[in-house]
Amino acid sequence: MENQKKRMQEYWRRNVRILLTLLGLWFAVSYVFGILLVDELNQFRLGGFKLGFWFAQQGAIYCFVVIIFVYVILMNKLDKEFDVNED
């Protein structure tokens, strides 16, 4: 029983680490690149648009979708490793 409790604590510790890492990436994409670095990014162009504008309007959305898929993949792998998957 104690071993199971330790395994679940490890599962949640790793779950939270994944979540915080992806939330940090989300913060960097939305706030740092979309707001703080917009002037520096606007020195470059992508598809005819200033990179800062493009990143804030389109690039961030693409990154968010990728973050969702990465979260699903990582959590499925973690669930299988700790035998808590739904399969």
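All of the numbers you see were taken from the coordinates with simple rules; none came from a lab. These numbers were taken from a predicted model, which means no experiment stands behind them. For neighbour counting, all protein chains shown are included, and Cβ atoms are generated from backbone atoms with ideal geometry for every residue, glycine included.
Scoring Asp79 on the criteria (1) surrounded by fewer than 12 Cβ atoms within 10 Å (Cβ to Cβ); (2) out of contact with any Leu (no Cβ under 8 Å at 6 or more places or on another chain); (3) not hydroxyl-bearing (Ser, Thr, Tyr) leaves a single failure, condition (1).
Of Ala60, Ala28, all but one fail to be surrounded by 15 or more Cβ atoms within 10 Å (Cβ to Cβ), of a type in the set (Gly, Ala, Ser) and in a helix (DSSP H, G or I); the exception is Ala60. The residues of the stretch 9-67 that are over 30 Å from Asp79 (Cα atoms), of a type in the set (Val, Ile, Thr) and touching a helix residue (DSSP H, G or I) at 6+ places or on another chain (Cβ under 8 Å), listed by number, are Ile35, Val38. Residue pairs whose Cβ atoms lie under 6 Å apart, sitting 6 or more positions apart in sequence or on different chains, and linking a residue in the stretch 43-71 that is over 11 Å from Trp26 (Cβ atoms) to a partner that is among the small types (Gly, Ala, Ser), are Ala56/Gly34.
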